[in-house]
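The values are calculated or read from the model by the stated rules, or taken from the named source; none is laboratory data. Keep in mind that what you see is a predicted model, and the values were worked out from it rather than measured. Every residue, glycine as well, gets a Cβ built from its backbone with ideal geometry; the counts of neighbours run over all protein chains shown. Only protein heavy atoms, including side chains, enter the accessible area calculation; ligands, DNA and RNA are left aside. Shrake-Rupley method; radii C 1.70, N 1.55, O 1.52, S 1.80 Å.
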There are 4 protein chains.
Amino acid sequence: MKAAVLREYHRPLELVERPVPELSQPTDVLVRIGGAGVCATDLHAIEGLMEPAGVTLPRVLGHENAGWVADAGVGVATVAKGDAVLVYPPYSCGLCVACRRGNDMHCVRHEFTGLSVDGGFADYVLVSERSLLKLPAGVEPAAVAPHADAGLTAYHAVRRVAHLAVPGSTAVVLGVGGVGHIALQLVRELGSSTVIAVDTDERRRRLAAELGADEVVDSADGVREATGGRGADIVFDFVGTDRTHADSAAMLARGGTYSVIGYGGTIAIPSGALVVNEHAVVGNLVGTWVDLYELLQLHAAGKITLRTEVHPLEAVNEVLAKLHDGEVTGRAVLVP
Amino acid sequence: MKAAVLREYHRPLELVERPVPELSQPTDVLVRIGGAGVCATDLHAIEGLMEPAGVTLPRVLGHENAGWVADAGVGVATVAKGDAVLVYPPYSCGLCVACRRGNDMHCVRHEFTGLSVDGGFADYVLVSERSLLKLPAGVEPAAVAPHADAGLTAYHAVRRVAHLAVPGSTAVVLGVGGVGHIALQLVRELGSSTVIAVDTDERRRRLAAELGADEVVDSADGVREATGGRGADIVFDFVGTDRTHADSAAMLARGGTYSVIGYGGTIAIPSGALVVNEHAVVGNLVGTWVDLYELLQLHAAGKITLRTEVHPLEAVNEVLAKLHDGEVTGRAVLVP
Amino acid sequence: MKAAVLREYHRPLELVERPVPELSQPTDVLVRIGGAGVCATDLHAIEGLMEPAGVTLPRVLGHENAGWVADAGVGVATVAKGDAVLVYPPYSCGLCVACRRGNDMHCVRHEFTGLSVDGGFADYVLVSERSLLKLPAGVEPAAVAPHADAGLTAYHAVRRVAHLAVPGSTAVVLGVGGVGHIALQLVRELGSSTVIAVDTDERRRRLAAELGADEVVDSADGVREATGGRGADIVFDFVGTDRTHADSAAMLARGGTYSVIGYGGTIAIPSGALVVNEHAVVGNLVGTWVDLYELLQLHAAGKITLRTEVHPLEAVNEVLAKLHDGEVTGRAVLVP
Amino acid sequence: MKAAVLREYHRPLELVERPVPELSQPTDVLVRIGGAGVCATDLHAIEGLMEPAGVTLPRVLGHENAGWVADAGVGVATVAKGDAVLVYPPYSCGLCVACRRGNDMHCVRHEFTGLSVDGGFADYVLVSERSLLKLPAGVEPAAVAPHADAGLTAYHAVRRVAHLAVPGSTAVVLGVGGVGHIALQLVRELGSSTVIAVDTDERRRRLAAELGADEVVDSADGVREATGGRGADIVFDFVGTDRTHADSAAMLARGGTYSVIGYGGTIAIPSGALVVNEHAVVGNLVGTWVDLYELLQLHAAGKITLRTEVHPLEAVNEVLAKLHDGEVTGRAVLVP
């Protein structure tokens, strides 16, 4: 099969021929890729920054995978050959306390498809039955592949604070990229806040307006203005630089919550301000299988849309370059 | 009446004779002081740091007040002369959205007895009916005065995260002083975590052990050890220096929550660590009237004890000095 | 002023001239009526069934009131003459534990405008400042009057179980009348369930479809069918007869919740079935001031619409007859 | 091996020799029984009432099992031969949506050890790895076997409403038997209510007092009295007859919740009363694996005790007779 392999850091992926992976566990499932989303995390992996997440070389990248079941181990009970499926990227054991609570991403035996094990920039990917979600009728794999990570991350972050998004409150979405453009829709669907989108890029601001943001501004200052100086009750930060960390904390209203999804900088807050304003800061990591299941139901019901552009797997390095340059609006998907 | 007045920053309080305050609103209540707790915030006020909280000079300090109703306006319906009462320190309007949600401390017309208006280091204090809680039968004012702020702050912080203190989890109480020694008991009463107390002072560690801490250690390193390297699911920080902020973040387990009550330093956390570990940081400010009501029920039921030492109001400056030097274990109460 | 008075049970209301009510408390507010909604509870009052709610005769009915401040007592701080306001019907003291928790409708000193005290089928109504909500700019009193009870009741019931309305779940709205047609929209706004509306009346089913129900059926049997036999995760019953109680319990899925708003019959469930299916049954009573505040924000943001028909106050008896005969679709509003 | 088999309804169990069960799935585990609790459900099974739960004949009863791992399939990763374990009675697949939410007892492929498959009134029981919990060091199997169902059921019911058991509230435990005597302790540990125990049996009332009930009464009337007519905020009913259903509903305070665990009768409540009082009725079924895990941590920490009496497996029919006659205080455990 074809596969795009990261063989050396800071180098383009290599398109190679490889044997199709073989089932080894009774619960293994082989998935023929219908589409694989391209994520900023792939850029970080190429830059050598994802070793803490278990990357070793060589590695087939690709963690936003969807396709069809091509083969299944004898112990597999819930999917059959030909089923259209979405691949939940974390591997989880199902037996530890974290798994039993539904927090698969905190599994003590955690792996991550496309980072610690081979992913879906290929014709096939091998995963465990626990990683699969059957697609509702009428949903095409390539159309939902980016939900596996971008959508999941957005859903998890928004769901966790949706009870704060009461009518009369204000929520800010900082960064309307691959994850942010889904989150913006989810804030509307799961909450009742007035939604302000912030992005420095004009195309993304236009996308935000199309997706239903109540207001769209180009900088943090715009938020204070738009809220009459009161600030926002919830700020979702999908960027994660020193600058956005400082801006986000500064634009919070009394009692507000700062939801951190993008990362890279350092959050520095005087504890006096945190206490006097009763602010909260909440980190978010991927999401649970149930998060992805619920997101998929929303997608199938037509309540959210995914902005994608489709490219052949062969163009993987061009697509990565485009993403790096901020030239992807929404999410790019590779099709083998 | 006697009153201890802050007339100039960085100077001892002056004990003066003053007229008893007069009722001016129909809902005003005059309370004869039975006891007034002494708090580190009083030290901050003397140092000139509490102007953001509304302090102007001269000011009678004292925000942990309990006593008996001495007089009440014509509009007062819920207390009568002679009733033993505890004074909830925030003044709240009862009409704004924050008040209607029960969050009196975020009232848009907020005042604070003993900071922005005169307090209880005196024979009498004037408050609004909304600030009062009737004491259950058998509860003496001087015995519960410190609950008005120390207890309330502890209760509010612990209650907000009590749902995380599930059996099998670990909670750390950092600083077993006036607020911390109540919080330690509340973590046990409202939650089911294993409780580790951390204090650098030997007398406070002894107090922690007496109050039921499962483990007592003298430094942050002790927590990692006591948890087999796993860290704590909840850390309550009643100290609030750069050092305790860094220590607290470092001792959190995956998915853990850092509850900030003490303040002074800066919290600095790389967002990458916050996200990968799904940590949360939560600021806490005083508490609601209902928090104080519930705390009082626990006290009356004998489920928590308050460690107090009683001094005459005339000794206020000596007591403040003792507090400043870390020589008060539990809470000091002034009696006029 | 004009007023429609219930002087004798089972008799039409009498339209009489009366003195405009006078302010007696410092927090009293006189409201000139812009519109007053007509509710099935008014029919119950006329039938003599509302004495448990405090009705004594003679009484001016009308508990869904909106208008403009005409006069205000000296202690009133949050509204001024001319302000457009909606009247929250429960009077609450603001001082008891229930009020401090925000549960105004459980106030120990509870009254109810239009039942235990005179209401708004008149030119003016006298209420307390605590009962008022200022209308957002651009919102006309007559257009939102029915929110004061119909909308409030719908919001309260839906909000309490909205966390159960996750994507992939099913919610049933049984009875698409004055309250139900608002609830149907709120289930969509506050939740993410597939929404099935049930009504025996063809006009109401059409209204349900217009308001966005995913499916509309004419009987309980239709629900089992529409869910493939699985049943509904949440059933909101706005009718409340022996029949709808039995139907609702029978159409619940495993783990489902039966939310009871309409009443009149007896709920009879074998405890074995309740336990094996982990069903819950939840009664709902009006709502809190904050519920009404949040609902009003949704209305102002255009997220819900109110289906009303406007009549002159003089037509009150004709409108009551029409309501009694099931000939009102949405809500009727009287304008003086 | 020895086994006590239900071969015919309404007949004593037969003690027979049987082959030790053999592993057939890679995740199967053979457990050597250390103790098996005896439950009223065993009586129901003998009376032929548990066919809806999957009972077919012949069946080895016993669903409260603990012991040591005797053998394990090749796919078992989390326990090893010799480990002391508690057996969670529901079998769950781990893959359906209910399982992924942690609600194992609603698994679509649900089985129940000792009812739909053979149980632990025997020398050995065969279960799936997903059904096991390793015992903390120092905990003996026979000492905790009844937690597998009695304790689990109590924990699940109490945990679900523990957020309502705020200081100042009142909780009633109706029936201080095998499940109730654990629940009583859990109400104290997980909540802060005043706890009133109700039992008609003098020995059970004495047990309730020993286990820390604040008040102990012998009838429903006693509750109204003990609460000054106000009623209880939470009523846990571990009996479940027409009589206790009526009594429980009648003793609820405004806003109160009726938690149903025992069953048998019919709950009949006029919806008018349910609505006006905002009552809730909640059915409870066994519990989740995580519930049992958390309970076990509480047990290991010494926060709850289990009142047991130990008998040899050979005495199974005598023990069942004793249970039937109400002569067991706490829980009986059979040891092979």
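Give me the base-10 log of I(q)/I(0) for region A:159-230 at each q in 0.21 Å⁻¹, Debye formula, one uniform scatterer per Cα, rounded to two decimals.
The Debye formula, applied to the Cα set alone, gives -0.83.
Which cross-chain or sequence-distant (5 or more) residues have an amide H under 5 Å from the amide H of C:Val310, H modelled 1.01 Å from N in plane?
Amide H neighbours of C:Val310, under 5 Å, 5+ apart: C:Val333.
Taking beta carbons within 10 Å but only from partner chains, what does the mean come to for residues C:166-172?
5
Here are some pairs, C:Lys134/C:Lys322; C:Lys2/C:Lys81; C:Lys2/C:Lys322; A:Lys2/A:Lys303; D:Lys2/D:Lys322; A:Lys134/C:Lys303; which of them have Cα atoms lying more than 24 Å apart in this structure?
With Cα atoms farther than 24 Å apart: C:Lys134/C:Lys322; A:Lys2/A:Lys303; A:Lys134/C:Lys303.
How far is A:Asp218 from itself in the other copies, in nm, if each label sits 7 Å out from Cα along the Cα-Cβ line, shortest first?
List, nearest first: 5.9, 6.0, 8.3 nm.
Give me the percent relative contact order of chain A, please, defined on Cα pairs under 8 angstrom at least 6 residues apart.
In percent, rounded to a whole number, it is 18.
Where the accessible area of chain A is counted over protein heavy atoms with a 1.4 Å probe, how much of it, in %, is carbon and sulfur?
Exposed carbon and sulfur together represent 51 percent of the surface.
Kirkwood Rh and Cα-based Rg: tell me the resulting Rg over Rh for region B:45-167, rounded to two decimals.
On the way: Rg = 15.4 Å, Rh = 15.6 Å.
Rounded to two decimals, Rg over Rh is 0.99.
What GluC sites (Glu not before Pro) in region A:1-63 are in a loop by DSSP, with at most 15 other Cβ atoms within 10 Å of the Cβ?
Hits after loop and neighbour filter: A:Glu8, A:Glu22, A:Glu47.
Provide the percentage of antiparallel DSSP beta bridges, counting only those with both residues in region C:152-283; round to the nearest 5.
That works out to approximately 0 percent antiparallel.
Quick check on chain B: of the DSSP beta bridges with both residues there, what percent are antiparallel, nearest 5%?
Counting DSSP beta bridges with both partners in chain B, the antiparallel share is about 55 percent.
Compute log10 of I(q)/I(0) for region D:152-283 with the Debye formula, placing one identical point scatterer on every Cα and leaving out solvent, at q = 0.09, 0.15, 0.16, 0.20 Å⁻¹, to two decimals.
-0.20, -0.59, -0.68, -1.12
Considering only DSSP beta bridges where both residues belong to the protein assembly as shown, give the percentage that are antiparallel (nearest 5). Walk me through the numbers before you get to the answer.
On the way: 140 of 248 bridges.
Around 55 percent of the beta bridges assigned by DSSP in the protein assembly as shown are antiparallel ones.
With a/c under 1.5 counting as rounded, go ahead and sort the protein assembly as shown into rounded, prolate or oblate using the C-alpha gyration tensor (a ≥ b ≥ c being the square roots of the eigenvalues; past the cut-off, prolate if a/b is larger than b/c, else oblate).
Cα axes put the protein assembly as shown in the rounded bin.
Sorted from shortest, what are the nm distances separating the label point of C:Gly264 from equivalent points in the other copies, each placed 7 Å from Cα along Cα to C-beta?
With the label placed 7 Å along Cα→Cβ, C:Gly264 yields 3.7, 6.3, 6.7 nm.
Averaged over peptide C:281-288, how many Cβ atoms belonging to another chain are found within 10 Å of each residue's Cβ?
Working: counts 11, 8, 13, 4, 8, 2, 0, 2.
Whole-number average of other-chain Cβ neighbours for C:281-288 is 6.
Please work out the average accessible area per residue across region A:152-283, using the 1.4 Å probe convention, and give it in Å².
Ligands and nucleic acids excluded, the figure is 32 Å² per residue.
For region D:129-146, in order, what is each residue's ³J(HN,Hα) by Karplus, 6.51 cos²θ - 1.76 cosθ + 1.60 with θ = phi - 60°, in whole Hz (x at glycine and Pro)?
Here the 3J(HN,Hα) series is 3, 4, 8, 9, 10, 6, 6, x, 3, x, 9, 8, x, 4, 6, 10, 3, x Hz.
Give me D for region A:244-336 in µm² s⁻¹, whole number, from Stokes-Einstein with Rh from the Kirkwood sum over alpha-carbon pairs, 25 °C and 0.890 mPa s. Don't skip to the answer; put the middle values down first.
On the way: Rh = 16.8 Å.
Calculated translational D: 146 µm²/s.
Write out the trypsin sites (Lys or Arg not before Pro) in region A:84-157 meeting two conditions: DSSP loop, and at most 16 other Cβ atoms within 10 Å of their Cβ. Please report the intermediate quantities before stating the final value.
Values: sites: A:Arg100, A:Arg101, A:Arg109, A:Arg130, A:Lys134; in loops: A:Arg101, A:Arg109.
Taking region A:84-157 and a limit of 16 other Cβ atoms within 10 Å, the loop trypsin sites (Lys or Arg not before Pro) found are A:Arg109.
Counting only other chains, and only Cβ atoms inside 10 Å, what mean value do you get across the residues of C:182-195?
Working: counts 0, 0, 0, 0, 1, 0, 2, 5, 6, 2, 9, 2, 2, 0.
Counting Cβ atoms of other protein chains within 10 Å of each residue's Cβ and averaging gives 2.
Quick one: putting +1 on the C-beta of Lys and Arg, -1 on the C-beta of Asp and Glu, what dipole do you get for the protein assembly as shown around its Cα centre, in Debye to the nearest 20?
So the dipole magnitude of the protein assembly as shown works out to roughly 0 debye.
Amide H neighbours of C:Gly168 under 5 Å, counting only residues 5+ apart in sequence or on other chains, H built in-plane at 1.01 Å?
C:Thr194
Rounded to the nearest whole Å³, what is the per residue volume of the convex hull around the Cα atoms of chain A? Walk me through the numbers on the way to the answer.
Working: hull volume 42.9 nm³, N = 336.
Normalising the Cα hull of chain A by residue number yields 128 Å³.
Just B:Val16, B:Val85, B:Val176 to compare: in a GNM of chain B, with alpha carbon springs under 10 Å, which one fluctuates most?
Answer for the Gaussian network model of chain B: B:Val16.
Estimate for me the total accessible surface buried between chains C and B (protein heavy atoms, probe 1.4 Å, no ligands or nucleic acids), in Å² to the nearest 100.
Counting both chains, the buried surface is close to 1600 Å².
Give the peptides B:320-332, B:23-35 in descending order of average Cβ contacts within 10 Å, highest first.
B:23-35, B:320-332
Could you give, in nm with one decimal, how far C:Ala250 is from each other copy of that position, shortest first, with labels 7 Å out from Cα toward Cβ?
3.0, 6.4, 6.6
Amide H of A:Leu252 versus every other amide H placed in the peptide plane: which residues, excluding those fewer than 5 positions away on the same chain, fall under 5 Å?
A:Ala232
Measuring from centroid to centroid over Cα atoms, what is the spacing of region C:24-92 and region C:274-320 in Å?
What the calculation gives is 17 Å, centre to centre.
Name the residues of region D:64-113 whose accessible area, probed at 1.4 Å, falls by at least 40 Å² once all protein chains are in place instead of their chain on its own?
D:Thr78, D:Leu95, D:Val97, D:Arg100, D:Arg101, D:His106
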